[in-house]
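Enquirer: Before we start, here is the structure in question, set down as structure tokens.
The values are calculated or read from the model by the stated rules, or taken from the named source; none is laboratory data. Predicted model only: the values in this text are computed from it and were never measured. Here Cβ is always computed from backbone atoms with ideal geometry, including for glycine, and neighbour counts include all displayed protein chains.
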Amino acid sequence: MRPHLKRTLVCLVASLLTVHAHPKHFYNPAEGYVHPAPACTAHPARSYLAEGSIHGVPQIDSRISFTLSGSDGVAATVCPGSSYTISVNFTDVRLAMLTSGQAVAFTRPAGGCPNRADLGGSRTIGAQTGFVVPFKVACTASGQLMFRVTSAAVEPPNAWKQNSVTFAVSAACAAPACATTPTAPPSPPSPPDAPEDHDHDHDHHDHEHAHAHPPMRRPPPRRAPPHRLWVMRGSQRGRH
């Protein structure tokens, strides 16, 4: 293939990939121009013109707005263990990529990252002026949670437009499921009962009998001495 034809073909393929603002062209190496796959919280930080992107250098768009809502309506803080929705709104029809910290899990994650969402599904027909994105906050959440979005219109001019918002995490309102009750350490197992040694018991019993003192006997009652009769014999009376 001639060099100029090869360059033309490469530019044509790149144009087909990037004329529409499909977020997957950034986070999915198999369909885009970022190699290797970017981190789950990564966003475009420069122009990828050399790689085939026509979006140019990302620009901050303060007109992109965010609204956090919980079970009680609009929320200003985030509670660990609770579920929310975040609404992202634009001034025109766009596709977008939304990310947050590790403590956030979007209901419809993208590219194998629980904390990344592809708003519009990288389909031109999915482009909207706003998206409502449900997510759940992990019990480990603390400090602050930042949500960041990169968006682009589906038709030129479609420069990357970015914005972000941060919400404080309040441990005081953590969901009951996040409560942990300390448990006492298990007691050590009781030693097994020693088997009964009947022979030993008999030997011990016999040993006690062998060393036992014999019972003391009472002395027999003393008998009174017999009475003696002194009789004078007649044959001895006349003798001197």
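Enquirer: Report, by residue number, each residue of segment 93-123 that is surrounded by 14 or more Cβ atoms within 10 Å (Cβ to Cβ) and more than 26 Å from the chain's Cα centre (by Cα).
Expert: Those that are surrounded by 14 or more Cβ atoms within 10 Å (Cβ to Cβ) and more than 26 Å from the chain's Cα centre (by Cα): VAL93, ARG94, LEU95, ALA96, MET97, LEU119, GLY120, GLY121, SER122.
For (1) surrounded by 11 or more Cβ atoms within 10 Å (Cβ to Cβ); (2) at pLDDT below 65; (3) of a type in the set (A, V, I, L, M); (4) farther than 30 Å from ALA110 by Cβ, each residue gets a yes or a no:
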| residue | (1), (2), (3), (4) |
| --- | --- |
| PRO134 | yes, no, no, no |
| MET146 | yes, no, yes, no |
| PRO195 | no, yes, no, yes |
| ALA224 | no, yes, yes, yes |
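Enquirer: Now a separate question. Among ALA75, ALA37, ALA30, which is the only one that is closer than 30 Å to ALA171 by Cβ and of a type in the set (A, V, I, L, M, F, W, C)?
Expert: Every option except ALA75 fails the conditions.
Enquirer: Here is a further query. Please go through segment 22-61 and give me each residue that is within 23 Å of ALA103 (Cα to Cα), outside any loop (DSSP other than H, G, I, E, B) and touching a Lys or Arg at 6+ places or on another chain (Cβ under 8 Å), ordered by number.
Expert: TYR27
Enquirer: Which fully enclosed strands (runs of 3 or more DSSP E) of segment 112-173 have 3 or more residues being within 24 Å of ASP92 (Cβ to Cβ) and free of Cβ contacts under 8 Å to residues at least 40 places away in the same chain?
Expert: none
Enquirer: OK, next. Regarding segment 62-70, can at least one residue be identified that is within 21 Å of the chain's Cα centre (by Cα), assigned to a loop (DSSP other than H, G, I, E, B), at pLDDT 95 or above and surrounded by 14 or more Cβ atoms within 10 Å (Cβ to Cβ)?
Expert: no
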